[in-house]
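Heads up, the thing below is written out as structure tokens.
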Amino acid sequence: MLLKRSTNFLSIKSVAVVSSSFSKHPELCAALADRVPRVWFNTEGRAYSGDALIKFIADADAVIVGREPVDAAIVDRLSVQLLAKYGVGLDNIDQVALRQRGIALGWTPGVNAMAVAEQTVGFMIGLQRNLYYTARCLAQGEWIKQGGRQLSGCTVGIVGVGHIGQALVQLLAPFGCRILGCDIVDKTDYYAAHGIEAADFETVMRTADVVSLHVPLTVDTHHMINATTLVWMQPTAVLINTARGEVVDTAALHAALMDNRLAGAALDVFESEPYAGPLANHPRVIATPHIAGNANEAVLAMGYAAIDSIVRYQAGEDMVLLF
């Protein structure tokens, strides 16, 4: 889809929107088209990569990407001035390669934090109170009265206390949970202000009734949940992942659940997506198709943040550039 406007052009004359989520939102498409004379969108919902990605971007001055892989080989072939991120994770973008090529990166962290935190709380209540398990049983004609336990008063371990982790702390306040915080960044002042106990990763895994992951995907966090670390968890504990799928070794998690070494898990992200593996049908697993950050409000916030980065770039505001 190609939209054109004849007035109020910015110095960036063309933008390619690779993100299909952005591309199918009429308000975002119209807002971008009002600011740039020539824009085209991924209206077919294709997962672009490699040569197809380069061809789609073509002669654009700027590009808006979501989860598309933008590695060094792709960056080396880009002719854009600015790459704007629709979303918050940067693990799919080679920032060093962008820097070396002098391509600006527009990125606003935390724009979908509350949406992800809300779904995380939903997961917590669903797992603790057996909502999804008993609903599945009822759908199959089984009347299973197992009400689980309350979230209130539980020990919750938050691994990664950034924007999403802190939004989760805010939402958990009325539940009176004991909260353990684990982060590689010193959060002493934040912990003190919110009654959070600092803990290392192993302590969180061994102690928490609910372990919730909110870390970026890095070399250090890849498969941080694995056969070894899952052994640390209590058999009554549950695991929640709304971060990145590769943070969890899916096979190890499935084995732990099958051996009843873990009470349950909730997953919004998977190592390979779309996911069609056994965890999706496990009775003690809540599996959703990477929707935690896709509440309509969050979609708009992420989209407008990407548009705003283009506007800021043209105004010469270095605050959006990761150099």
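The values are calculated or read from the model by the stated rules, or taken from the named source; none is laboratory data. The shown structure was predicted, so the numbers you read here are calculated from the model rather than taken from an experiment. Quick reminder, even Gly has a Cβ in these numbers, built from the backbone with ideal geometry, and neighbours come from all protein chains shown.
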| task | Output yes when any residue across the stretch 218-239 is touching a Ser or Thr at 6+ places or on another chain (Cβ under 7 Å) and assigned to a loop (DSSP other than H, G, I, E, B), and no when none is. | result | no
| task | Would you be able to tell me the number of residues in the stretch 190-249 that are polar (S, T, N, Q), surrounded by fewer than 18 Cβ atoms within 10 Å (Cβ to Cβ) and closer than 18 Å to residue 268 by Cα? | result | 1
| field | Candidate set: the stretch 101-135, residues that are free of Cβ contacts under 8 Å to residues at least 40 places away in the same chain and among the hydrophobic types (A, V, I, L, M, F, W, C); chosen: the one farthest from residue 171 (Cα to Cα) | value | 103
| said: Going residue by residue through the stretch 245-263, is there one that turns out to be assigned to a loop (DSSP other than H, G, I, E, B), of a type in the set (A, V, I, L, M) and more than 30 Å from residue 94 (Cβ to Cβ)? | reply: yes
| task | Identify, by number, the condition in (1) surrounded by 12 or more Cβ atoms within 10 Å (Cβ to Cβ); (2) at negative phi that residue 138 doesn't meet. | result | (1)
| note | Only one of (1) in contact with a Lys or Arg (Cβ under 9 Å, 6 or more places away or on another chain); (2) modelled with pLDDT under 95 does not apply to residue 60, and that is (2)
| said: Condition first: free of Cβ contacts under 8 Å to residues at least 24 places away in the same chain and assigned by TED's automatic domain parsing to the domain that holds residue 154. Can you find one or more residues in the stretch 227-237 that meet it? | reply: yes
| message | Step by step: first the residues of the stretch 141-179, then only those that are among the aliphatic types (A, V, I, L, M) and free of Cβ contacts under 8 Å to residues at least 40 places away in the same chain, then the one that is surrounded by the fewest Cβ atoms within 10 Å (Cβ to Cβ). Which residue is that? | response | 173
| Selected residue (criterion: nearest to the chain's Cα centre (by Cα)) from residues of the stretch 264-279 that are surrounded by 14 or more Cβ atoms within 10 Å (Cβ to Cβ) and outside any loop (DSSP other than H, G, I, E, B) | 267
| request: Check the stretch 284-306 and report whether any residue there is within 18 Å of residue 165 (Cα to Cα), among the polar types (S, T, N, Q), under 19 Å from the mean Cα position of the chain (by Cα) and in a loop (DSSP other than H, G, I, E, B). | output: yes
| field | Candidate set: the stretch 109-120, residues that are surrounded by 18 or more Cβ atoms within 10 Å (Cβ to Cβ) and under 15 Å from residue 288 (Cα atoms); chosen: the one nearest to the chain's Cα centre (by Cα) | value | 116
